Structure formats: C-alpha cells, structure tokens
Amino acid sequence: LESYADYGDTPYELDDNYIRNQDFINEIDSTISNKHICVITGISGSGKTQLAIDYFQQKKKKYEDYIWFDGSELTESSNLRDVKKERLGQPVNLIGSFCSHKTLLVIDNLNFKVTAHLFKDCVKGFDLGSTIIITSQIKSEINNYVMPDYSPDSLLTMLGTSSWISSIISPVKN
C-alpha cells in the first residue's frame, strides 16, 4: 500500500481475500455519526486497513474531498496541522481543506495512542460533516471500534482450513 503516500492517492483495491462484513461498516457509521472520529484498533493483520478501504469505497461519494495518509508521518506531540502534503505537485493545507470541504480523512497505521490534541484544529471541519477514520494497533480512549478477536479455531474455520491442519496447530493460551 505504499502507493498512497501522496495526498489524495488512496488505495482503492481490496485484497482478494477480504470478506466484506456490512455490520462492521454500519458500526463505523454509527460511531462517526455522533463523534466524527472512529479509531479502528486490532492486532497486526486483523483487517483494519482493509476495513478502512472498504468503508472508503462505500462512502466516498458522501464527501467533497478525501485525504488518506500513513500515520507514521505523525508523532505523539504533533497535530494534523503538522502534516505536509502535496496534490499534483502543489503544497496543500490539510487542515484548511478538511475545514472548508466535507472531507473523509483516513490516517492508516497510527502508531501511538490517539488523544484529542491531534484534532484540536478540526472543529470547523466536523461542523461541515468531515470525519476521520484511524487504523491503529494501539487502543485509544477515543471512539474505538475494535476488530473482533477470533479464536484460532474460528480463524481456521473462516479460512476454510482443513481439520488435519488444525490438529497440528496448537492454540495460543492466554
């Protein structure tokens, strides 16, 4: 997914193995309808980015603009005003765009705990109906949607793995 490094260049393709679950999309809708921010958390490989791509594909027409970028561009002490992006080779004011057009902002793979400080300049955008979706392995205190934590047996069933493989894989004990 490195191809979406530039502002506005968003990954459009879902993985061939992705299984759409409309309940997950509805849960995100429910979260952002009241709070404008949804943090999708879960372990590595649980499908957070794929769910964000699916949400984006289904909902992008509701927005005037969209921004997708890698969360590694932020630090715990930064806010969204610190993000420098370009569109068609020209610098873009991310917060200015977010606060002047109804925007879907996706921050993928944020690697620190989300705090309100990150969004201090976003209020005007929220008033317009702009929303933020964040994927992270780190649970937040802000509007979490936690990916289901499946047991090894459930995962094997969903993957269609035969019973002989499940007999040689020992489940991890907590």
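Throughout, read-outs are computed from the coordinates displayed, never taken from laboratory work. Predicted model only: the values in this text are computed from it and were never measured. Note: ideal-geometry Cβ built from the backbone for every residue, glycine included; neighbour counts use all protein chains shown.
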*Read phi for every residue in region 18-32 and hand back ³J(HN,Hα) as whole Hz from Karplus 6.51 cos²θ - 1.76 cosθ + 1.60, θ = phi - 60°, with x for Gly and Pro.*
5, 10, 5, 10, 4, 4, 5, 4, 4, 5, 5, 4, 4, 5, 6
*What is the distance, in nm, between label points placed 7 Å from the Cα along the Cα-to-Cβ direction at Gln137 and at Asp23?*
2.7
*Work out, step by step, the length gained on full extension between Val123 and Ser78: first 0.36 nm times the residue separation, then minus their alpha carbon distance; give nm to one decimal.*
14.5 nm
*Rounded, prolate or oblate (a/c below 1.5 giving rounded, otherwise prolate when a/b exceeds b/c) for region 1-139 by Cα gyration tensor*: rounded
*asked:* Quick query: amide H of Lys85 versus all other amide H atoms, modeled in the peptide plane; which residues come in under 5 Å with a sequence gap of 5 or more or a different chain?
replied: Val92, Leu94
_For the pairs Lys62/Lys113; Lys59/Lys85; Lys62/Lys139, flag any whose C-alpha to C-alpha distance is greater than 26 Å._
Lys62/Lys113; Lys62/Lys139
*For region 53-111, rounded, prolate or oblate, judged on the Cα gyration tensor with a ≥ b ≥ c (square roots of eigenvalues), a/c < 1.5 rounded, else prolate if a/b > b/c?*
oblate
*Starting from the Cα-Cα distance between Asn93 and Gln57, subtract it from 0.36 nm times their residue separation and give me the gain in nm to one decimal.*
10.6 nm
